Amino acid sequence: MFMERVFRSLFLEQLKNALERLAPPDPSMPRPVRDMLSTVWRGFSRSERPECFAACDGSSGTAVYSGGTTVWLLRAVCVSEKGAPDARVWVEAGHRLRGRGYALKALELELLADTAERLSSGSLILHDGTLYPTLPPSPERLVKRRKYVERFLSALVRLLKTCLGRGLRVAGVSKDSDVSYLRVKLALDYLSSQGIHLGRERSLRRIVRELGRLGRSPAAEAVRNELEIPTSDQEEVEASTSGPGYTAPLVLAPHVLYLGEEIKAGTKDWWGSRVRARWLEYEELRPVVERLDELYELPPVYVTYWRPHHGLGVYRVDSLAVFHDGRWGGLSADRLSRDGCGEAERLVAMLNGLSPPPHTVKPLLDADELVRVKGLVFREGYEPVIRDALRTKGFYARPRRRVIRDLYLRRM
């Protein structure tokens with residue numbers, strides 16, 4: 001207890017010093033980009049319970065032993081109004097495994113696709129998290145994850161095709177999102193209205209750097225000052241709205257087109273991208289490229305930010321832009337679509353219908369409660385079984401020293 005008092009005293013002193021160096025946002029600072037949000041915000045509170053729904057969430061646990069032996073426990077559950085929850089488990093074992101997030105997404109999407117094939121037209125498919133795929137551009141990093149990335153992309157393609165073919169709506173709901181796609185798009189639109197054209201861009205850092213080279217233009221300086229504050233789309237919508245509603249759909253181009261090399265090369269579509277050509281040079285990545293080719297033949301994904309009818313919180317929602325005319329892979333830049341507001345409204349009405357106060361999309365909360373692997377349960381219920389199974393196979397399966405130390409000191 002003595003040392004804890006010493007640490008706390010030092011902490012309070014250091015916290016004060018750290019916050020003195022952190023400048024708070026200036027409330028009087030012009031915020032032209034935030035002001036632009038009013039042009040894409042739609043107040044809306046109507047609720048419409050879907051004919052049927054299915055909601056899926058997943059959870060995972062990892063056991064790592066000396067020498068890099070790794071075991072993943074991946075599990076997913078799908079809940080709906082019809083029948084008992086459907087559960088899936090995937091156990092993966094190997095050495096220094098990479099790509100657990102893609103593997104878990106694959107399991108969730110496979111379960112959702114199976115469920116979607118049994119639902120009638122007009123039903124709603126709910127996924128916890130984004131539907132917009134982003135992959136590491138480095139071939140070396142991607143090769144290490146290729147097995148799980150390919151399975152993830154195959155499951156995503158199958159789910160989206162099933163929804164399109166059966167007349168289902170699909171929504172990926174994210175409780176927390178750090179992206180600034182909408183903020184950047186509004187900044188570029190505002191700058192264009194002021195005669196400043198920066199071209200295709202998604203990077204706040206590159207925009208700020210470029211605006212710093214434009215001299216003392218008041219518009220450029222105002223936007224640069226605002227974008228230097230690294231907030232997300234979700235935070236900006238939260239700060240600038242209070243009542244229920246949603247933002248006009250932002251239709252998202254393939255993520256590789258926003259890499260610096262593709263912007264410099266003036267790449268127009270996925271099929272002509274340098275990244276695609278480079279990945280094809282690796283035999284192991286050809287199946288990944290084939291799955292992406294198939295995905296980008298479909299309509300694109302759009303994102304909207306939604307505040308539920310009870311007004312509690314803002315959520316990112318991804319869905320299929322069935323209103324977009326053209327293939328996803330042919331979309332060269334993100335586009336705001338006011339024509340898509342009708343489709344987004346119908347989706348938001350269904351989400352409102354599944355969000356009794358104070359809950360938001362309660363079926364996803366129910367799925368999360370069923371599937372979550374609690375830390376103590378994993379350590380005491382699963383890890384001993386994993387360890388015994390590895391030792392039976394002839395592996396030493398000794399926990400890493402840090403794990404042993406933390407267990408000894410009761411930090412876990």
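Less than 15 Å Cβ to Cβ from LYS82, Lys/Arg counted +1 and Asp/Glu -1: what total charge do the surrounding residues give?
Every neighbour counted, the sum reads -4.
Taking 8 Å as the Cα distance limit and 6 or more residues as the minimum spacing, I'd like the relative contact order of the chain as a percentage.
21
With the convex hull built on the Cα atoms of segment 244-287, state its orientation-averaged projected area in nm².
4.9
As an exercise, identify the trypsin sites (Lys or Arg not before Pro) in segment 244-311 lying in DSSP coil whose Cβ has no more than 10 other Cβ atoms within 10 Å.
none
With +1 assigned to the C-beta of every Lys and Arg and -1 to the C-beta of every Asp and Glu, and no other charges, what is the dipole magnitude of the chain about the Cα centre in debye, to the nearest 20?
1540
Using only the Cα atoms, what convex hull volume per residue in Å³ does segment 1-63 have?
Given the Cα convex hull of segment 1-63, per-residue volume reads 325 Å³.
What nm distance separates the two modelled labels at GLU297 and ASP388, each placed 7 Å from Cα along Cα→Cβ?
4.9
Relative contact order (percent) for segment 290-379, with alpha-carbon contacts under 8 angstrom and 6 or more residues of separation? Present the calculation step by step, with values, prior to reporting the outcome.
Values: 79 pairs, mean separation 21.7, N = 90.
Across segment 290-379, relative contact order equals 24 percent.
Counting other C-beta atoms within 10 Å, and keeping those with at most 12, which DSSP coil GluC sites (Glu not before Pro) do you find in segment 238-288? Please report the intermediate quantities before stating the final value.
Numbers: sites: GLU238, GLU261, GLU262, GLU281, GLU283, GLU284; in loops: GLU281.
Sparse-neighbourhood loop GluC sites (Glu not before Pro): GLU281.
Determine the alpha carbon to alpha carbon distance for each of LYS105/LYS268; LYS82/LYS393; LYS82/LYS147; LYS144/LYS264; LYS161/LYS374; LYS175/LYS374 and list only those over 31 Å.
LYS82/LYS393; LYS82/LYS147; LYS161/LYS374, as the Cα separations exceed 31 Å there.
Name the residue from HIS255, LEU292, GLY313 whose Cα lies farthest towards the positive end of the charge dipole of segment 228-326, charges +1 on Cβ of Lys and Arg and -1 on Cβ of Asp and Glu.
Of HIS255, LEU292, GLY313, it is GLY313.
Could you work out how much longer the chain between MET1 and GLU140 gets when fully extended? Use 0.36 nm per residue separation minus the Cα distance between them, nm to one decimal.
This chain segment gains 45.2 nm when fully extended.
If you average the C-alpha positions of segment 181-255 and of segment 43-82 separately, how far apart do those two centres end up, in angstrom?
So the two Cα centres are separated by 32 Å.
According to a simple spin-label model (label point 7 Å from Cα along Cα-to-Cβ), what is the distance in nm between PHE395 and LYS374?
Here the modelled spin labels are 2.7 nm apart.
Contour minus end-to-end for HIS95 and LYS362, with contour as 0.36 nm per residue of separation and end-to-end as the Cα-Cα distance?
Extra length available between HIS95 and LYS362 comes to 92.3 nm.
Express in whole angstrom the spacing between the alpha-carbon centres of segment 1-35 and segment 269-332.
Cα centres, segment 1-35 to segment 269-332: 39 Å.
Give me Rg/Rg_expected for segment 334-376, where Rg uses Cα atoms only and Rg_expected = 2.2 N^0.38 Å with N residues.
1.68
Rounded to the nearest angstrom and ordered from largest down, what semi-axes does the equivalent ellipsoid of the chain get from its C-alpha gyration tensor (root of 5λ)?
36, 30, 25
Give the accessible surface of the chain per residue, rounded to a whole number of Å², with probe radius 1.4 Å and ligands, DNA and RNA excluded. Don't skip to the answer; put the middle values down first.
On the way: 20300 Å² over 412 residues.
Value for the chain: 49 Å² per residue.
Going from the alpha-carbon gyration tensor of segment 1-158, what semi-axes, largest first and in whole Å, does one get by taking the root of 5 times each eigenvalue?
Taking √(5λ) for each eigenvalue gives 38, 31, 19 Å, largest first.
What is the local net charge at GLU226, summed over the other residues whose Cβ is closer than 12 Å to its Cβ (Lys, Arg +1; Asp, Glu -1)?
It works out to a net charge of -1.
Any chance you could tell me what percent of the C-alpha pair distances in segment 162-226 go past 19 Å?
Of all Cα-Cα pairs in segment 162-226, 44 percent lie more than 19 Å apart.
Expected output is a single nm value to one decimal: the length gained when fully extending between LEU19 and LEU312, i.e. 0.36 nm times separation in residues minus the C-alpha distance. What is it? Display every interim value, and only then the final one.
On the way: separation 293, 0.36 × 293 = 105.48 nm, distance 2.91 nm.
This chain segment gains 102.6 nm when fully extended.
Within 10 Å, at most 16 other Cβ atoms, and a DSSP state outside H, G, I, E, B define an exposed site. Report the longest part of the chain free of exposed chymotrypsin sites (Phe, Trp or Tyr not before Pro). Numbers along the way, then the final one.
Details: sites that count: TYR282, PHE323, PHE395, TYR396.
The reported range is 1-281.
In whole Å, what are the Cα extents of segment 78-183 along the three principal axes, biggest one first?
The principal-axis extents, from largest down, are 42, 40, 25 Å.
Rounded to a whole number, what % of the accessible area of segment 262-371 do carbon and sulfur atoms account for, probe 1.4 Å?
46
How much net charge surrounds VAL179 when only other residues with a Cβ under 13 Å from its Cβ are counted (Lys, Arg +1; Asp, Glu -1)? Kindly include the intermediate steps, with their values, before the conclusion.
Numbers: positive: ARG183, LYS185, ARG202, ARG316; negative: ASP176, ASP178, ASP233, GLU235, GLU236, ASP318, ASP334.
With Lys, Arg at +1 and Asp, Glu at -1, the net is -3.
The values are calculated or read from the model by the stated rules, or taken from the named source; none is laboratory data. All values reported here derive from a predicted model rather than from experimental measurement. No Cβ is skipped: glycine too gets one built from the backbone with ideal geometry, and neighbour counts run over all protein chains shown. Note: accessible area is taken over every heavy atom of the protein model, side chains too, but ligands, DNA and RNA are not part of it. Shrake-Rupley method; radii C 1.70, N 1.55, O 1.52, S 1.80 Å.
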